[in-house]
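Beneath this line is the structure, given in structure tokens, with notes to follow.
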Amino acid sequence: MKILYRSLGLVAVLALSTLLHSCDKVKDAISINIPTQTVTADFYITAQQVGTQQVASFQYGINLDSLIKHENSSLGIGNIKSAKIKSVSLTLTNASGSDNFGAFSACEVGLSSSSKPDYTVIAGLTSNPDNNQTTLDIPVNSVELKDYFSSTSFTYKLSATTRRATTTTLQGKATIKFDVTAGL
């Protein structure tokens with residue numbers, strides 16, 4: 001009889017361990033990728049002196065909780081597993097022959113949010129050619145940003161090293177694409 005109870009106990013333990021392991025697999029399988037989101041925002045760069053400084057900043061709000069719930073109603077902003085920037089592109093709408101992106105030898109884009117106010121660099125360009133450029137695609141850093149994305153308000157900061165002074169206020173548009181994965 002003891003052998004029967006021990007055998008049943010062993011079978012029960014094996015069954016439970018299999019079920020618990022399967023629950024983890026199911027939990028991992030309930031994961032969604034939010035379609036790539038695009039932030040498009042206007043920014044202004046006032047006339048700059050030679051040197052390294054913050055040249056522009058802009059805020060953007062997005063309700064990620066609604067986007068996640070649209071994909072899966074049982075998930076929300078608290079279920080974000082990963083958030084990463086895919087691309088950063090800047091375009092000037094009033095550049096001139098001397099006031100354009102060629103005036104900047106290097107630049108970087110930082111991100112902060114209301115949930116994480118410390119800036120982190122999300123994209124950077126260390127060697128920008130001195131050409132008459134109106135568009136700048138900045139290489140993205142592969143940084144995990146899920147702690148920043150538990151917010152609805154984001155601030156982007158553009159810092160640059162100015163190789164020659166600019167004389168006018170440059171108007172631009174930033175296009176930032178990001179991917180978010182959420183799951184249990």
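The values are calculated or read from the model by the stated rules, or taken from the named source; none is laboratory data. Note that the structure is a prediction, hence the values are computed from the model and not measured. Cβ atoms come from the backbone with ideal geometry, glycine included; neighbour counts cover every protein chain shown. The protein model used for the area step is the full one, side chains on, heavy atoms only, and it has no ligands, DNA or RNA in it. Shrake-Rupley method; radii C 1.70, N 1.55, O 1.52, S 1.80 Å.
Explain nothing, just the number: dipole magnitude of segment 31-183 about its Cα centre with +1 on each Lys and Arg Cβ and -1 on each Asp and Glu Cβ, in debye rounded to the nearest 20.
Result for segment 31-183 is approximately 60 debye, rounded to the nearest 20.
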Subject >> Pair LYS146, THR168: separation of 7 Å Cα→Cβ label points (nm) >> reply: 4.6
**OP:** Provide the per residue accessible area, probe 1.4 Å, for segment 75-184, rounded to a whole number of square angstrom.
**Re:** 42
Original post:
What whole number of Å gives the distance from the Cα centroid of segment 81-101 to the Cα centroid of segment 147-173?
Top reply: 9
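Using 1/(1 + (r/R0)^6) with R0 = 22 angstrom and r between the beta carbons of THR134 and LYS177, what's the FRET efficiency to the nearest 0.05?
0.65
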Original post:
If ligands, DNA and RNA are left out, what is the accessible area of SER114 with a 1.4 Å probe, given in Å² to the nearest 10?
Top reply: 90
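Lysine pairs in segment 31-183 8 or more apart or on different chains: how many have alpha carbons under 12 angstrom apart? Can you show the working numbers first?
On the way: LYS81/LYS146; LYS84/LYS146; LYS84/LYS177; LYS86/LYS177; LYS116/LYS146.
Summing the qualifying lysine pairs gives 5.
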Subject >> SER98 paired with GLN53, simple spin-label distance in nm, labels 7 Å along Cα-to-beta-carbon >> reply: 1.8
